[in-house]
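I have a structure here, written as structure tokens, and I will follow up with some questions on it.
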């Protein structure tokens, strides 16, 4: 499992709880400092590091063996740089520190989930914080396990139309329903069976697993 840690606000104690066997910690700009603050080992860091102080950057250079430093005038966000590297490692990926703070970065990170690279990956790629888990699905058949920690599930179309969407094993099922961009029909559902099934014939669908504070 690879964790890409961005510069959004993070609860350090929550970050520590994610540190299990075979976790690779990747710092994305200021997110590198969050990993270090959690007393975790940064395996690699990416970014232009324009959001850290000179003192913090010095500490990062002392602690991190592999740093891929970019110019602030690049054509990618720091998170996209890190994600490109992570996809080549052929492992599941979690993007954390990717939801808090600036909305432009948040929406950019969501768009990364809908990129052709991510949708074609055989490994799961998602954005995760203490309250939400977000991933994007391409047309086909999918399953989602019931999760008491994240009891709500919402589906949001990212293309003009998600065609023939069917949802089974949920509180509010659907059968071959065309879901158009801008619709809130499929917000705040719940999985009521051990496994729910999701299928659709065309489009890109964002799935959000969430819980109340």
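Among the listed residues 140, 101, 182, identify the single one that is part of a strand (DSSP E or B) and on the phi > 0 side of the Ramachandran plot. I'd like the intermediate steps shown before the answer.
Details: 101 fails: part of a strand (DSSP E or B); 182 fails: part of a strand (DSSP E or B).
Answer to the check: 140.
Taking the condition in contact with a helix residue (DSSP H, G or I) (Cβ under 9 Å, 6 or more places away or on another chain), crowded, with 19+ Cβ neighbours inside 10 Å, modelled with pLDDT of 90 or more and assigned to a loop (DSSP other than H, G, I, E, B), does residue 40 pass? Write out each step before concluding.
Details: in contact with a helix residue (DSSP H, G or I) (Cβ under 9 Å, 6 or more places away or on another chain): yes; crowded, with 19+ Cβ neighbours inside 10 Å: yes; modelled with pLDDT of 90 or more: yes; assigned to a loop (DSSP other than H, G, I, E, B): yes.
Criteria met by residue 40.
Can you confirm whether residue 158 is within 21 Å of the chain's Cα centre (by Cα), under 27 Å from residue 18 (Cα atoms) and outside the structural domain of residue 88 (by TED's automatic domain parsing)? If you could, list the steps in order and put the result at the bottom.
Numbers: within 21 Å of the chain's Cα centre (by Cα): yes; under 27 Å from residue 18 (Cα atoms): no; outside the structural domain of residue 88 (by TED's automatic domain parsing): yes.
No, not satisfied.
Inside region 66-101, can you point out the residues that are without any contact (Cβ under 8 Å) to a residue 60 or more places away in the chain and out of contact with any strand residue (DSSP E or B) (no Cβ under 8 Å at 6 or more places or on another chain)?
Filtering region 66-101 for residues without any contact (Cβ under 8 Å) to a residue 60 or more places away in the chain gives 66-77, 80-81, 84-85, 87-88, 90.
The answer is 71, 72, 73, 74, 75, 76, 77, 80, 84, 88, 90.
For region 107-118, give me the residue count where each residue is assigned to a helix (DSSP H, G or I) and surrounded by 16 or more Cβ atoms within 10 Å (Cβ to Cβ). Explain how you work it out, then say what you get.
To start, the set of residues in region 107-118 that are assigned to a helix (DSSP H, G or I) comprises 107-113, 116-118.
Remaining after also requiring surrounded by 16 or more Cβ atoms within 10 Å (Cβ to Cβ): 109-110, 112-113, 118.
Qualifying residue count, region 107-118: 5.
Does residue 53 count as without any contact (Cβ under 8 Å) to a residue 60 or more places away in the chain, assigned by TED's automatic domain parsing to the domain that holds residue 114 and over 19 Å from residue 103 (Cα atoms)?
Working: without any contact (Cβ under 8 Å) to a residue 60 or more places away in the chain: yes; assigned by TED's automatic domain parsing to the domain that holds residue 114: yes; over 19 Å from residue 103 (Cα atoms): yes.
It is true that residue 53 is without any contact (Cβ under 8 Å) to a residue 60 or more places away in the chain, assigned by TED's automatic domain parsing to the domain that holds residue 114 and over 19 Å from residue 103 (Cα atoms).
Let me ask you something else. Filter region 110-120 for residues that are at pLDDT 95 or above and either outside the structural domain of residue 13 (by TED's automatic domain parsing) or touching a helix residue (DSSP H, G or I) at 6+ places or on another chain (Cβ under 7 Å) (or both); which is farthest from residue 164 (Cα to Cα)?
Among those that are at pLDDT 95 or above and either outside the structural domain of residue 13 (by TED's automatic domain parsing) or touching a helix residue (DSSP H, G or I) at 6+ places or on another chain (Cβ under 7 Å) (or both), it is 112.
Considering every residue within region 65-78, establish whether at least one is assigned by TED's automatic domain parsing to the domain that holds residue 126 and in a helix (DSSP H, G or I).
Yes: region 65-78 contains one or more residues that are assigned by TED's automatic domain parsing to the domain that holds residue 126 and in a helix (DSSP H, G or I).
Among the residues of region 119-137, write down those that are assigned to a strand (DSSP E or B), touching a residue at least 60 places away in the same chain (Cβ under 8 Å) and under 24 Å from residue 20 (Cα atoms). Break it down stepwise before answering.
Filtering region 119-137 for residues assigned to a strand (DSSP E or B) gives 125-128, 132-137.
So of that shortlist, the ones also touching a residue at least 60 places away in the same chain (Cβ under 8 Å) come out as 132-137.
Result: 132, 133, 134, 135.
Pull out all pairs, ordered by first then second residue, where Cβ-Cβ is under 8 Å, the residues are six or more apart or on different chains, the first lies in region 107-118 and is in contact (Cβ under 8 Å) with a residue 40 or more places away in the chain, and the second is surrounded by fewer than 17 Cβ atoms within 10 Å (Cβ to Cβ).
Pairs found: 114/158.
Condition (residue is assigned to a loop (DSSP other than H, G, I, E, B), on the phi < 0 side of the Ramachandran plot and in contact (Cβ under 8 Å) with a residue 12 or more places away in the chain) applied to region 195-210: is it met by at least one residue?
Filtering region 195-210 down to residues assigned to a loop (DSSP other than H, G, I, E, B) leaves none.
Looking for residues that are assigned to a loop (DSSP other than H, G, I, E, B), on the phi < 0 side of the Ramachandran plot and in contact (Cβ under 8 Å) with a residue 12 or more places away in the chain, one finds none in region 195-210, hence no.
Which residue out of 7, 27 is surrounded by 14 or more Cβ atoms within 10 Å (Cβ to Cβ) and part of a loop (DSSP other than H, G, I, E, B)?
Only one candidate qualifies: 7.
The values are calculated or read from the model by the stated rules, or taken from the named source; none is laboratory data. Here the structure is a predicted model, which means the values were calculated and not measured. Note that we place each Cβ from the backbone using ideal geometry, even for glycine, and neighbour counts take in every protein chain shown.
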